[in-house]
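**Student:** Just passing along the structure, written as structure tokens.
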Amino acid sequence: MGYQFELIGFPIKHSISPWIHEQFFTRSKLQGTYIKNEIELNDSFSGKIIEMKAKQIDGFNITVPYKQRIISYLDEVDIIAEKMGAVNTVVNQNGTWKGYNTDGKGYLRSLESKFSAFGHDKSIHILILGAGGAARGIYCALTEEGYMHIDIANRTMTSAEDIAKLANDKTSTQILSLEEAEQLINHYDLIIQTTSVGMKPNIDQSIISLASLNKPIIVSDIVYQPLKTNFLQQAENAGAQIHYGHSMLLYQAQLAFEIWTGQRVSTENLDHELQLILE
Ligand code: ATR
């Protein structure tokens, strides 16, 4: 019968994850299925979880709005997911459910796969724009990897301060307003846009202006609809190297598949294929 994996969340009708995992099954030559199990907001969440336990599925992904809520149903939570307070991947180990979060590490893998130099120098200056769940995941992954200078700018500065509490003793973090961040953009080597600003249909919006950018830094946006956001377009116009949002999806899935099956499947060409599907 093979592996049985699921995706829970709402809404997930348009999720691309089943397509990605289908590619992983083909490439790994493993048998299995990955199906969407949409849990509507007025469904009984615990009822659905009981059904999933009874089915003895091998693993599942959790997306919004259940990444926090799932935690109380787990037997174990990985230390990084615990720090983030959110789980996006659960593995069933002989009836024991263990939760992980592959978003932040997946994001770092996506950067490493595109920029071969990325990952060697932990003293680069990084700016995260936004302080929601995605920012928290990326901040945690960066601190775990030993990055030393990670600033956070957000409209609501207190949310950024909450994330900075996750710093370890090697990390230095300054909290900035969006206006301050805009003034300081040339101080950074990597800028990561994690808010929903610029997402369809608001494609003309950008969290800050990059008009004064004058260094060929890496600029990354986790929004992937559209693929080239206004923010990335500004970065490209300024001569920066740009990193599209869809590849985080791919690499967080690669890590989940690895947790479930023990196999690291090659993502060769998948980044490009995914880009074509999303365009
Ligand atoms: P996710 O979990 O997907 O990261 P989220 O928790 O809703 O999403 O976080 C949204 C982020 O986008 C926050 O940083 C939010 O800023 P606030 O903390 O000030 O709310 C930011 N954001 C959303 N819309 C914004 C807007 N119009 N201008 C500035 N920031 C915005």
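Derivation of every value follows stated rules applied to the coordinates shown; laboratory data play no part. Everything numeric in this text was worked out from a predicted model, so none of it was measured. FYI the Cβ positions are ideal-geometry reconstructions off the backbone, even for glycines, and counts take in every protein chain you see.
**Student:** May I ask you to compute the full-extension gain from A167 to E258, defined as 0.36 nm times their residue separation minus their alpha-carbon distance, rounded to one decimal in nm?
**Tutor:** Computed gain between A167 and E258 is 30.1 nm.
**Student:** Next question, about the same structure. Show that you can apply the helix-only estimate: for the chain, add -39,500 (n - 2.57) for every DSSP H stretch of four or more residues, divide by all residues, and state [θ] at 222 nm to the nearest 500.
**Tutor:** Working: 10 runs with 100 residues, N = 279.
The helix-only estimate for the chain comes to -10500 deg cm²/dmol at 222 nm.
**Student:** Moving on. Computed from the mean reciprocal separation of all distinct C-alpha pairs, what Kirkwood hydrodynamic radius does the stretch 105-244 have, in Å?
**Tutor:** After inverting the mean inverse Cα-Cα distance, the result is 14.8 Å.
**Student:** Same structure again: Using per-residue counts of other Cβ atoms within 10 Å, averaged over each peptide, order 12-25, 168-181, 136-149, 237-250 from highest down. The partial results should precede the final answer.
**Tutor:** Working: 12-25: 17.0, 168-181: 15.0, 136-149: 21.8, 237-250: 20.1.
Descending packing order for the listed peptides: 136-149, 237-250, 12-25, 168-181.
**Student:** In cubic angstrom, how much convex hull volume per residue do the alpha carbon atoms of the stretch 216-279 span?
**Tutor:** Taking the convex hull of the Cα positions in the stretch 216-279, it is 91 Å³ per residue.
**Student:** Also: When the chain is treated as a GNM, springs tying every alpha-carbon pair under 10 Å, which of E82, E182, E268 comes out with the largest mean-square fluctuation?
**Tutor:** Of the options given, E268 has the highest mean-square fluctuation.
**Student:** Taking Cα atoms, how many degrees apart are the long axis of helix 103-114 and the longest axis of the chain, rounded to 10 and kept between 0 and 90?
**Tutor:** 60
**Student:** Something else now. Calculate the dipole size of the stretch 104-161 relative to its Cα centre from +1 charges on Lys and Arg beta carbons and -1 charges on Asp and Glu beta carbons; express the result in debye to the nearest 20.
**Tutor:** 200
**Student:** Positive end of the dipole of the chain, charges at C-beta (+1 Lys, Arg; -1 Asp, Glu), about the Cα centre: which of A238, L213, I70 has its Cα farthest in that direction?
**Tutor:** I70
**Student:** Roughly how many Å is it from the Cα centre of the stretch 235-279 to that of the stretch 98-116, as a whole number?
**Tutor:** 9
**Student:** With N set to the number of residues, divide the alpha-carbon radius of gyration of the chain by 2.2 N^0.38 Å and report two decimals.
**Tutor:** Against the compact-globule rule of thumb, the ratio is 1.00.
**Student:** Could you calculate the FRET efficiency of E38 with Q205 from 1/(1 + (r/R0)^6), where r is the beta carbon distance between them and R0 is 30 Å, rounded to 0.05? Let's see the in-between values first.
**Tutor:** On the way: r = 29 Å, r/R0 = 0.97.
Working from the Cβ atoms, E equals 0.55.
**Student:** Of the candidates T261, T102, T26, which one comes out as most mobile in a Gaussian network treatment of the chain with C-alpha springs shorter than 10 Å?
**Tutor:** The residue with the greatest mean-square fluctuation here is T26.
**Student:** Working out 0.36 nm times the residue gap between V64 and R27, then minus their Cα-Cα distance, what length gain in nm do you get to one decimal?
**Tutor:** Using 0.36 nm per residue and subtracting the Cα-Cα distance, I get 10.5 nm.
**Student:** Starting from the Cα of Q275, move 7 Å in the Cα-to-Cβ direction to define the label point; list residues of the stretch 200-223 whose amide nitrogen is under 20 Å from there.
**Tutor:** 200, 216-223
**Student:** So how tilted is helix 17-28 from the main axis of the chain? Cα-based, degrees 0 to 90, rounded to 10.
**Tutor:** 70
**Student:** In the P(r) worked out for the stretch 7-97, what percent of Cα pairs fall beyond 18 Å?
**Tutor:** 47
**Student:** Using the per-residue mean of other Cβ atoms lying within 10 Å as a proxy for protection, in what order, highest first, do the peptides 68-77, 154-163 fall?
**Tutor:** 154-163, 68-77
**Student:** What do you get when you divide the Cα radius of gyration of the stretch 99-159 by 2.2 N^0.38 Å, with N the number of residues?
**Tutor:** So the stretch 99-159 has a normalised radius of gyration of 1.13.
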